Structure formats: C-alpha cells, structure tokens
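Take a look at the structure set out below.
Taken together, the values in this text are just the output of simple stated rules run on the coordinates, not laboratory data. In this text the structure is predicted, and so the values were computed from the model without any measurement. Methodologically, a virtual Cβ is constructed for each residue, glycine included, from the backbone with ideal geometry; neighbour enumeration extends over all protein chains shown.
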Amino acid sequence: MNTGGAQGVLVVTGGSRGIGEAVSRLAADRGYQVVMNFRSDRARAELVAADIGSRGGSVHSVQGDVSSEADVVALFEIAAGLGEIAGLVNNAGILEQQMDLVDMTPERFDRVFAVNVRGSFLCAREAIRRMARSRGGGGGAIVNVSSAAARIGSPHEYIDYAASKGAIDTLTLGLSKEVAVEGIRVNAVRPGIIETEIHASGGDPGRIERIAPMVPMQRAGTADEVAQTILWLLSGEASYLTGALVDASGGR
C-alpha cells in the first residue's frame with residue numbers, strides 16, 4: 001500500500017524485473033511517480049505496472065533501449081511531462097554466456113558496453129539536464145547499479161561485464177564531483193550474488209547455490225534488500241552522501 005508522500009518523478013531503467021522491479025515497487029510504495037523503463041517484454045512490464053497500480057502506486061511503463069540516444073531522450077521527455085524529476089536509478093544491464101576472455105568476440109564487448117556503460121551515461125546526461133539547478137531543476141539523486149564484479153573481476157565468467165561495471169564505478173566518482181554544485185548526488189550500489197533471473201541468462205541457473213557458500217553471510221541477497229539500499233541513497237537520509245560505492249554483497 002502506498003504510504004509515502006509526493007516524492008517527485010523517479011526514472012528506473014530495467015525496471016520490470018529483478019532489482020529494477022524491486023526498486024519500482026518500493027519507490028511507488030514510498031510516494032514516487034515511477035517511470036519504469038523496459039526494453040522488450042511488454043507483457044511483463046504491464047503486469048508489474050498493473051500490480052503496483054492496484055496497491056495505490058503511481059507507475060508509467062515506457063519501452064526503450066537505453067543504448068539508443070533517441071530512446072533515452074524520449075524516456076526523459078515522458079518523465080518530465082509527469083512532473084519534476086527527482087531521481088534516476090541506472091539499473092538496466094546485461095551479461096552474456098560465461099566464457100574466458102580469450103573466446104569473446106568484439107560484438108559481445110560492444111553489446112555489453114552499449115547497454116551497461118553507454119546507457120548509463122546517456123540516462124545520467126538526460127537526468128542532469130532536467131535536475132541541475134543551473135538549468136532550472138530542483139536537484140536530485142542518481143543511483144547507479146554497479147556490481148561487486150567490478151572489484152572481483154569475474155574470471156572465467158564475465159570479465160567484460162565486470163569491466164563495464166568498473167566503468168560505472170568511475171562514472172559515479174567523477175560525476176558526483178561534477179554535479180554536486182547542481183544539487184545532485186551520485187552514488188552507486190554494488191550488489192553481490194543476488195537472487196534474480198540474470199544468472200540463468202548467463203547460462204548458469206545454479207550459480208546462486210554454487211557461490212552462496214563463499215559469501216561470509218552464507219546466503220545470496222534478495223532484490224528487495226538491494227532496493228532498500230537504493231531507496232535510502234535516494235532519500236534525504238543520505239543527504240551528505242555522494243560519490244559513494246556501497247557494497248551490498250553479504251561481506252564478499
């Protein structure tokens with residue numbers, strides 16, 4: 001049930017599944033007008049949006065590929081038409097089948113970096129253009145969803161994915177300094193092994209069971225736990241926090 005007050009418009013990329021879905025649901029519960037981006041699965045997005053709406057939340061699902069500049073601009077034009085943009089969660093990301101780097105193709109690199117890096121840069125740019133005080137905005141917050149892979153490296157699995165998340169960490173650090181004077185905070189969450197569908201998409205549906213014993217907390221995290229961290233970083237409770245890389249990895 002929606003228990004929050006009016007929080008403004010929050011754009012969540014990749015918002016219809018996994019961590020993005022958990023963020024969309026929790027943000028709507030806390031009073032944000034959620035603009036939930038999805039790339040291809042309209043039926044899933046509409047199902048999530050309908051469920052959020054049935055609980056009193058405000059959500060608008062918008063199809064688009066974050067690696068496309070035109071799609072990103074259109075996404076933010078729709079969001080801005082709903083009210084003042086208060087935040088962005090750069091969550092959309094992909095990984096491909098597990099393999100050693102020696103067997104990866106340039107096309108694979110391009111696909112991963114187009115979504116994970118180019119998409120995050122484009123969305124951050126459009127959010128800043130609307131939130132920056134010097135451009136008439138009211139400030140706001142950006143949370144980038146990175147990964148513990150950025151510091152672990154994911155050898156023999158997803159080195160390209162890990163490298164793309166390393167770029168997100170650098171984006172977070174540099175951008176936080178660049179836009180602090182504009183009233184915009186920029187932080188990142190680095191999830192560890194989390195119970196989502198992404199492991200199956202990488203060809204290893206049993207990865208959670210295999211990796212969980214290596215985590216000091218002896219379990220995988222949930223999308224809801226990561227969403228709680230993201231919503232805290234968006235909130236006024238984190239008002240003096242910017243440029244932070246927050247690990248949500250169970251101690252791993």
### Query
Working out 0.36 nm times the residue gap between D100 and E197, then minus their Cα-Cα distance, what length gain in nm do you get to one decimal?
32.8 nm
### Task
Would you work out which of T172, V73, N37 lies farthest towards the positive end of the dipole of the chain? Charges go on Cβ: Lys and Arg +1, Asp and Glu -1.
T172
#### Entry: Rh by Kirkwood over Cα pairs, then Stokes-Einstein D for the chain at 0.692 mPa s and 37 °C, µm²/s
182 µm²/s
### Query
Cβ under 14 Å from V102's Cβ, V102 left aside: what net charge do those residues give with Lys, Arg +1 and Asp, Glu -1?
-3
### Query
If you stretched the chain out fully between R108 and V181, how much longer would it get, using 0.36 nm times the residue separation minus the C-alpha to C-alpha distance?
22.5 nm
### Query
Using a simple spin-label model with points 7 Å from Cα along the Cα→Cβ vector, what separation in nm is obtained for R210 and I78?
3.7 nm
### Task
Would you work out the charge dipole size for the chain about its Cα centre, treating the Cβ of every Lys and Arg as +1 and the Cβ of every Asp and Glu as -1, and quote it to the nearest 20 debye?
580 debye
### Query
In nm, to one decimal, how far is the S239 label point from the H156 one, both placed 7 Å along Cα→Cβ?
5.0 nm
### Message
Taking loop as defined by DSSP and a crowding limit of 16 other beta carbons within 10 Å, which trypsin sites (Lys or Arg not before Pro) in the range 137-229 fit?
### Response
R219
### Query
For the range 43-65 and the range 115-166, what is the separation of their Cα centres, given in Å?
23 Å
### Query
So what is the 222 nm mean residue ellipticity for the chain from helices alone, if each DSSP H run of at least 4 adds -39500 (n - 2.57) and you divide by all residues, rounding to the nearest 500 deg cm²/dmol?
-12500 deg cm²/dmol
